[in-house]
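One structure is given below, encoded as structure tokens.
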Amino acid sequence: MKKVFIDGETGTTGLQVRDRLLNHPHIEIISIDPAKKRDVEEKRRLMKEADVTVLCLPDEAAKDSVILAKEEGCRILDASSVHRVADGWVYGLPELDVSQRAKIADAQFVSNPGCYPTGAILLLKPLVEAGLLAANGNYSINAVSGYSGGGNALIDRYENGNDAPVFGAYGLNFNHKHLPELKVWSGLEKAPIFAPSVGDFRQGMLTFLPMHLDGDTTMAQLHTKLTETYDNESFVAVNELNLIADDAAPFLTPHGVDNTNNVELSVLSAPDNQSGVIVAKLDNLGKGASGAAVQNLNIMLGFDEGIAVNL
């Protein structure tokens with residue numbers, strides 16, 4: 001058995017990581033006494049006892065916990081946004097390229113990806129790397145997430161309040177905290193325009209990238225490349241070209257992968273085959289957060305990466 005300490009166990013991501021690990025046959029959760037959750041020495045003790053500590057904390061609190069971990073030489077999986085492009089950290093997206101799993105397995109410090117970037121990077125990186133999309137291109141990303149992505153305060157507003165919008169766009173100052181990782185790990189030379197939004201549903205996510213292709217590149221070629229890239233991946237599936245794989249057809253909805261670590265990618269082409277939209281569907285609490293965290297923990301600890309990633 002391996003021991004895992006979840007620092008921030010009572011937050012949205014922490015609770016879902018805990019719920020998954022309760023079903024893990026090879027991991028024991030060690031928990032902090034709620035009365036001592038801000039006790040630095042108690043945190044230090046638990047970090048030293050754990051094989052890996054998972055940080056499910058606000059960004060500033062995560063920085064403080066990492067200082068402790070570095071002092072004690074402990075392994076960390078950080079679900080905050082502060083270390084996703086930081087030196088000395090491995091980006092915890094196993095499907096990023098063929099070497100990423102080995103990097104995660106050997107790392108002391110792993111940063112769990114953001115929910116929106118997960119879908120966008122899985123779409124963009126192989127296409128940019130193959131030269132089908134320009135690294136210096138101008139891209140726009142539109143996305144919608146369930147309200148659970150906003151944490152406990154937004155969940156309470158939607159589930160217990162009376163002033164939550166059915167749909168709301170945000171991040172309209174265009175400096176969203178996910179942009180650095182989205183740019184770096186997609187291989188882009190400049191940040192895209194990113195327009196996130198929240199809807200009146202608990203979980204689920206759609207990330208859209210509209211496309212106008214140059215030269216002889218076609219939407220069908222994008223689809224072929226994505227299919228080849230993820231053909232052997234357990235958690236990333238590419239739908240048939242122009243298929244809306246949804247029980248609510250003709251609507252494409254954010255639902256259907258709730259409580260899983262799965263991502264569905266779609267390429268939807270206009271009749272000219274040189275314009276359209278590429279789309280990622282995932283659970284913002286699953287592959288977008290806690291499912292991905294358990295997948296990374298499994299890799300870090302030498303287990304089959306699929307154990308306990310779904311609820």
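3J(HN,Hα) couplings calculated from phi for the range 273-286 with the Karplus curve 6.51 cos²θ - 1.76 cosθ + 1.60 (θ = phi - 60°) are, in sequence order, 6, 10, 8, x, 8, 10, 9, 10, 10, 7, 8, 4, 8, x Hz; Gly and Pro show x. Each residue of the range 202-215 was assigned a 3J(HN,Hα) from its phi angle through the Karplus expression (A = 6.51, B = -1.76, C = 1.60, θ = phi - 60°), giving 5, 8, x, 7, 10, 10, 10, 10, x, 10, 10, 8, 9, x Hz with x at Gly and Pro.
Of all aspartates and glutamates in the structure, the ones whose alpha carbon falls short of 15 Å from that of LYS183, not counting any fewer than 8 places away in one chain, are GLU129. Mean separation of Cα pairs under 8 Å and 6 or more residues apart, divided by the residue count, gives the range 177-311 a relative contact order of 25 percent.
Rounded, prolate or oblate, given the Cα gyration tensor of the chain, with a/c below 1.5 counting as rounded? Note, shape of the chain comes out prolate. The relative contact order of the chain comes to 19 percent, based on Cα pairs under 8 Å that sit 6 or more residues apart.
Close amide H partners of GLN274, meaning residues 5 or more places away or on another chain with modelled amide H under 5 Å apart, are MET219.
Taking amide H positions as modeled 1.01 Å from N, with prolines and chain starts lacking one, the residues under 5 Å from PHE194 and 5 or more places away or on another chain are ILE141. Angle of helix 219-229 to the longest C-alpha principal axis of the chain, folded into 0 to 90 degrees and rounded to 10: 30°. Using only Cα atoms, find the angle between the long axis of helix 115-129 and the longest principal axis of the chain, and express it within 0 to 90 degrees, rounded to the nearest 10. Around 50 degrees separate the two axes.
Label-to-label distance for ILE244 and GLU42 is 5.2 nm, based on points extended 7 Å past Cα in the beta-carbon direction. Treating r as the C-beta distance of GLU228 and PHE251 and R0 as 22 Å, the FRET efficiency rounds to 0.15.
For LYS3, a cut-off of 18 angstrom between C-alpha atoms picks up these aspartates and glutamates, skipping any fewer than 8 places away in its own chain: ASP19, GLU28, ASP33, GLU42, GLU49, ASP51, GLU72, ASP78, ASP106, ASP304, GLU305. Seen against the Cα atoms of the chain and their longest principal axis, helix 40-49 is set at about 80 degrees. Taking only protein heavy atoms and a 1.4 Å probe, the accessible area of the range 191-238 is 46% carbon and sulfur. Look at the alpha carbon pairs under 8 Å that are at least 6 residues apart: their mean separation over the length of the range 206-284 gives a relative contact order of 42 percent.
Over 32 Å between C-alpha atoms is what I'm after, so list which of LYS190/LYS281; LYS48/LYS190; LYS43/LYS190; LYS103/LYS177 land there. Over 32 Å apart, Cα to Cα: LYS48/LYS190; LYS43/LYS190.
Amide H to amide H distances under 5 Å link ASP78 with LEU55, VAL110, SER111, ASN112, where only residues 5 or more positions off or on other chains count and H is placed in the peptide plane.
Sequentially through the range 170-179, phi angles give Karplus couplings (6.51, -1.76, 1.60; θ = phi - 60°) of 8, x, 7, 8, 6, 9, 4, 5, 7, 4 Hz, Gly and Pro residues having no value and appearing as x. In a simple Cβ point-charge model (Lys, Arg +1; Asp, Glu -1; nothing else charged), the chain has a dipole of about 620 debye relative to its Cα centre.
Annotation: per residue accessible area for the chain equals 44 Å², rounded to a whole number [probe 1.4 Å, protein chains only]. The calculated 222 nm mean residue ellipticity attributable to helices in the chain amounts to -9500 deg cm²/dmol, summing -39500 (n - 2.57) over DSSP H runs of n ≥ 4 and dividing by all residues.
Count neighbours as other Cβ atoms within 10 Å of each site's Cβ, and list the chymotrypsin sites (Phe, Trp or Tyr not before Pro) in the range 212-300 that are DSSP loop with at most 10 such neighbours.
Answer in residue order: PHE251.
The values are calculated or read from the model by the stated rules, or taken from the named source; none is laboratory data. Model, not experiment: these values are computed from the prediction. A quick note on method: Cβ atoms are made from the backbone with ideal geometry, for glycine too, and the neighbour counts reach across all protein chains shown. Ligands, DNA and RNA are excluded from the accessible area calculation, which covers all protein heavy atoms including side chains. Shrake-Rupley method; radii C 1.70, N 1.55, O 1.52, S 1.80 Å.
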